[in-house]
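All of the numbers you see were taken from the coordinates with simple rules; none came from a lab. In this text, all values refer to a predicted model and were calculated from it rather than measured experimentally. Positions of Cβ are backbone-derived with ideal geometry, glycine not excepted, and every protein chain shown enters the neighbour counts.
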């Protein structure tokens, strides 16, 4: 019997780079570019980073080597402002204070060896720096050690400033690649740090928990885009999603306080004026910052995922006796600050894309689509925390699956702008949530 | 053509209809609703049963060897691993009284079988699918005169489904999976009219649609993360119900004896696939698992032609050609049944053995057209499918 030749043959797909040249690709941005998720930078996250996924696809049409400042394998690392290191978050199964099965999420031990300087092994193609704000991407302090700089960039900066006192810059290191193509996803850290700290910072400041002044942001975008395109490189730029579409900010409902009629009546007798309860779902009680007064949350206001869940479930948090501390709350003023600045930042990103002919990835819109779920090869992923699989255990950063979904959005935008036909990546081969 | 004897997929006509219901008919492209060649007439046209002048016992098995390749949206080509399916048919036709003949058909007019690698890109849609409908059809046929006859028989259909797919819930032990198994029965009818005049014959046959209700189906979940079992997201097993509606088939056929040795036939089929509009799995006690998927099949036609040549007393040669239209519309092409329009080439030989025995051999090649799914409505599972399919058949006949 003839054993060969019977498998039906399908034409090999032919891919082309269109008007783009992917030979030397460099990626600039923050944690979302670095591959940071599950609350830490890990090697597996770096390998699933959006730029690394893009580089694999670019390799189909002439893309060259894509070198990342990889950590050693293991639990990864997250560095706090004091330089203390822990590892990524891990999901565990537990019986909660109410006797119900649910999940625990906690950091596991980190890998301090990952902090070793590897800048002499560069230049690197992925210049995603967790926590870096727009104006820090050209800061000559960022690569310095200690709290003055950024621990993550300090790892792989080409010059940590040990001699001159001034370090290399992220944008300068990017130019060492002499890129033909770049990706830029900046601005998240310019507003999310304010949001994830419950709005303790100021609007229009350059501190860690502040929202960057719009003029500063605009200037940073111009400087960075001009720098990256100075040698004629083409590129792709992504905008900033709305925090209301991110699990860290939308998982705990403002009205998650469920009461019986008797409980409501009893609470009403001890509540100050303006606070009242009824049977069913009620708004949580929160403290007003600084004043010692309390109030009930309004529809649209957000609670952070970082609220100790046992305190909320069993510790009486959210009742008049135990108002939720203000740093877990994004009130309507803070929310409006955040939203209006995201809009301003995104307007600038769109304008820069139009001015320089960049592909624009509307991640802001994609996150809205993700709320109800998107399908890839039969699997549905959504923005729901844990069950949706698109976000990692930190609730802010995408899971590896989420990175792959967003990378496909990048590819769609690049294909449309530069008339190429890169295939999407197989999202389902990336890790979502590993359940215990 | 026998080269790829190790492959899967048992859909060998449009949709999940199986048209190899006898080796002689298969050899002629299935174009036999106007003529009574053997006991399979009970199934192809109960009306023509009245025109047999002696009895037939036919038993046959088909060896179906399909090969499907899939080029997905990510640019990776995947092929089904080797599978083989063997639907069978048994017919008895008895010339009972001068004007009344009776018969019995036991066959599998519908079925499908697909099996992909368990970790392939479409695993959340299907890893393995098996569906078959066994038809038991006692039949009576009445001849008004030497020209016109009718026949009818109830169809008792025993349906069986077994579907396995992966679930997108992972633990350190890998992904979960679910197997859905169930069976059900239904009743329909097969009726036909036959008109014969000299060298010319006309046949008209109609099989009704039947709905197989599967209640008490068993869903068993494997490799589910223990935390999701604990919190009730997924049970370890559950009961479901579903139903599959098999379509009606209308056939119009003509046959002409060009010479005493040469018969040519032509058939037209119209299959009422529109009834297969959705496939729903409902879990009474676990409604979070309910699945409702539109299928939206459309009615489909087939055109079939055949020729038979009685070379010698012992040897009869046959050949056939058919075009079979797919009922699956763009947007609904699924890897359980990556269907497309197909061209069918067939040939066969009958050889008289000792006594009243004879053997029938058939060989069929189906060229299923390349099918490109751009935007699947249900799953976003897009790509290009291509199937080739070889069917060998062996039948044994006893005449009395």
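Per-residue shielding of A:373-383, expressed as the average number of other chain Cβ atoms within 10 Å of the residue Cβ, stands at 6.
Between segment A:98-163 and segment B:11-80, the C-alpha centres lie 66 angstrom from each other. Helix A:363-372 and the longest principal axis of the C-alpha atoms of chain A enclose an angle of approximately 50°. Expressed as a whole number of Å, what is the distance separating the alpha-carbon centroids of segment B:129-189 and segment A:345-412? A separation of 44 Å, based on Cα centres.
Starting from the Kirkwood Rh over alpha-carbon pairs, what translational D in µm² s⁻¹ does segment B:344-386 have by Stokes-Einstein at 37 °C and 0.692 mPa s?
Numbers: Rh = 14.1 Å.
My calculation gives 233 µm²/s for D.
For the Cα trace of chain B, dividing Rg by the Kirkwood Rh returns an Rg/Rh value of 1.01. Kindly express, to the nearest 10 degrees and within the range 0 to 90, the angle between helix A:214-229's C-alpha long axis and the longest C-alpha principal axis of chain A. With rounding to tens, the tilt is 20 degrees.
For a quick check: sort B:301, A:78, A:61 by the number of other beta carbons within 10 angstrom, fewest at the front. Don't jump to the answer; show the numbers that get you there.
Working: B:301 14, A:78 23, A:61 18.
Ordered from fewest to most neighbouring Cβ atoms within 10 Å, B:301, A:78, A:61 come out as B:301, A:61, A:78.
Net length available on complete extension from residue A:230 to residue A:140 is 30.4 nm, with 0.36 nm assigned per residue and the Cα-Cα distance removed. Starting from one equal scatterer on each C-alpha and no solvent at all, send me the Debye-based log10 I(q)/I(0) for segment B:224-342 at q = 0.14 Å⁻¹, two decimals. Debye intensities relative to I(0), on a log10 scale: -0.78. Annotation: peptides A:90-96, B:332-338, ranked by per-residue average of other Cβ atoms within 10 Å with the highest first, follow the order B:332-338, A:90-96.
Taking N as the residue count of segment A:257-330, its C-alpha radius of gyration divided by 2.2 N^0.38 Å amounts to 1.04. Take the Cα of residue B:213, step 7 Å toward its Cβ, do the same at residue B:200, and the gap between the two points is 4.8 nm. On the beta carbon distance between residue B:356 and residue B:86, with R0 = 35 Å, the FRET formula returns roughly 0.85.
I want to verify the translational diffusion coefficient of segment A:40-181 in µm²/s; compute it with Stokes-Einstein, Rh as the Kirkwood radius over Cα pairs, at 20 °C and 1.002 mPa s. Spell out each step's value before the answer.
On the way: Rh = 16.6 Å.
My calculation gives 129 µm²/s for D.
With a 10 Å Cβ neighbour count serving as the proxy for reagent exposure, in which order, fewest first, do B:273, A:185 appear? It would help to have the intermediate numbers written out before the result.
Details: B:273 28, A:185 25.
By the 10 Å Cβ count, ascending, the order reads A:185, B:273.
Between residue A:148 and residue A:94, take the C-beta separation as r, use R0 = 51 Å, and let me know the FRET efficiency to the nearest 0.05.
Values: r = 40 Å, r/R0 = 0.78.
The calculated FRET efficiency here is 0.80.
Size of chain A: Rg and Dmax of its alpha carbons, in Å, are 23.3, 90.
Here, segment A:193-237 has an Rg and a Dmax of 14.0, 42 Å when only alpha carbons are counted. The ranking of B:304, A:417 from fewest to most other beta carbons within 10 Å of each one's beta carbon is A:417, B:304.
Between residue A:121 and residue A:215, the distance separating the two model label sites (each 7 Å from Cα on the Cα→Cβ line) works out to 4.3 nm.
How compact is the protein assembly as shown by the rule of thumb for globular proteins, expressed as Cα Rg over 2.2 N^0.38 Å?
Values: Rg = 34.4 Å, N = 836, 2.2 N^0.38 = 28.4 Å.
The protein assembly as shown yields a ratio of 1.21.
All Cα-Cα distances of segment B:127-260, cut into 5 Å bins from zero to the largest, leave 2, 9, 14, 13, 11, 10, 9, 7, 7, 6, 5, 4, 3, 2, 1, 0 percent in each bin in turn. The mean number of Cβ atoms from other chains found within 10 Å of a Cβ in peptide B:63-69 is 2, as a whole number. With a simple spin-label model that places each label point 7 Å from the Cα along the Cα-to-Cβ direction, the separation between residue A:429 and residue A:109 comes to 3.4 nm. Shielding value for B:361-368 is 0, the average number of Cβ atoms from other chains within 10 Å of each residue's Cβ. To the nearest 10 degrees, how steeply does helix A:400-418 sit against the main Cα axis of chain A, on a 0 to 90 scale? That works out to roughly 50 degrees.
The order of the peptides A:276-285, A:402-411 by mean Cβ neighbours within 10 Å, most packed first, is A:402-411, A:276-285. Here r is the Cβ-Cβ distance between residue B:313 and residue B:148 and R0 is 41 Å; the resulting FRET efficiency, rounded to 0.05, is 0.85.
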